[in-house]
1. Taking the stated definitions as given, is A169 farther than 21 Å from V91 by Cα, modelled with pLDDT of 95 or more and in a loop (DSSP other than H, G, I, E, B)?
2. So G92 passes all but one of these: (1) open to solvent by less than 50 Å² (accessible area, probe 1.4 Å); (2) at pLDDT 90 or above. Which condition number does it fail?
3. Please determine, by comparing only the residues of the stretch 167-200 that are touching a residue at least 60 places away in the same chain (Cβ under 8 Å) and among the basic types (K, R), which one is nearest to V22 (Cα to Cα).
4. Within the stretch 49-71, track down each residue that is of a type in the set (A, V, I, L, M, F, W, C), open to solvent by 50 Å² or more (accessible area, probe 1.4 Å) and over 15 Å from R36 (Cα atoms).
5. Can you tell me which residues in the stretch 101-112 are surrounded by 19 or more Cβ atoms within 10 Å (Cβ to Cβ) and of a type outside the set (D, E)?
6. Can you tell me which residues in the stretch 148-166 are in contact (Cβ under 8 Å) with a residue 24 or more places away in the chain, open to solvent by less than 80 Å² (accessible area, probe 1.4 Å), over 14 Å from A135 (Cβ atoms) and not in a loop (DSSP other than H, G, I, E, B)?
7. Here are some residues: G25, G42. Which one is touching a Gly at 6+ places or on another chain (Cβ under 9 Å), open to solvent by 30 Å² or more (accessible area, probe 1.4 Å) and not hydrophobic (A, V, I, L, M, F, W, C)?
8. Please name all residue pairs, on different chains or six or more residues apart, with Cβ atoms under 7 Å, provided the first residue is in the stretch 124-147 and is hydroxyl-bearing (S, T, Y) and the second residue is assigned to a loop (DSSP other than H, G, I, E, B) and open to solvent by 10 Å² or more (accessible area, probe 1.4 Å).
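The values are calculated or read from the model by the stated rules, or taken from the named source; none is laboratory data. Because the structure is a prediction, the values reported are computed rather than measured. Cβ: placed from backbone, ideal geometry, glycine included. Neighbour counts: every protein chain shown. In case anyone asks, the SASA skips ligands and DNA or RNA and just uses the protein heavy atoms, side chains included. Shrake-Rupley method; radii C 1.70, N 1.55, O 1.52, S 1.80 Å.
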Amino acid sequence: MLKVGLTGGIGAGKSEVSRLLVEHGAVLIDADLIAREVVAPGTPGLAAVVAAFGEGVLAADGGLDRPKLGSIVFADPERLAELNAIVHPLVGERSRALEEAADADAVVVHDVPLLTENGLAPLYDLVVVVDADPATQLDRLVRLRGMTEQDARARMAAQATREQRRGIADVIVDNDVPLDELRRRVAEVWTELTRRARGPRRTAQE
């Protein structure tokens, strides 16, 4: 099994790259998706969040009111740490279970938006960074996601820098290109991943 950490700045196209890797046969473990699953209605995770933050963080349908919770935790680092202490272990447990269920010769891709920011590179056999020029990211966020330019720039500024992400990369996917070219590049990356899956692994000390 090859454990791959996949990351990239907002608007760089990481989700498209992960989708293409799945088409080639990768097993995808999506940290954002799992983070939502572990606090879905009826889960122990949601019960723990409500116990810590009160029923005011629940929406009318009984699910988590993310904007309301966000307004609490992002204004208070201690409360954010409290939330992370609930959610992160649950995400880690679920991720490990999915990884253990994969075939022994699988290429397992962990889609982790904050991989760089949280210093998680040593957890993986190699790290793939989806890279795009900041102007490209900004254009995609405004044109495709409907953000204002101010909001888009703020989201980009809150993340690791382009240089920081590139600094931890074993493989860089340049995504300042049309989709057909991206498909070709991801196919090349897949060839590299399957080659490395047969080679030596990175150790925790490296």
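1. yes
2. In the conditions (1) open to solvent by less than 50 Å² (accessible area, probe 1.4 Å); (2) at pLDDT 90 or above, G92 misses (2) alone.
3. Filtering the stretch 167-200 for residues that are touching a residue at least 60 places away in the same chain (Cβ under 8 Å) and among the basic types (K, R), the one nearest to V22 (Cα to Cα) comes out as R183.
4. A51, A60 - these are the residues of the stretch 49-71 that are of a type in the set (A, V, I, L, M, F, W, C), open to solvent by 50 Å² or more (accessible area, probe 1.4 Å) and over 15 Å from R36 (Cα atoms).
5. V107, V108, V109, H110, V112 - these are the residues of the stretch 101-112 that are surrounded by 19 or more Cβ atoms within 10 Å (Cβ to Cβ) and of a type outside the set (D, E).
6. Within the stretch 148-166, R165 is the sole residue that qualifies.
7. Residue meeting the stated conditions: G42.
8. T136/D176
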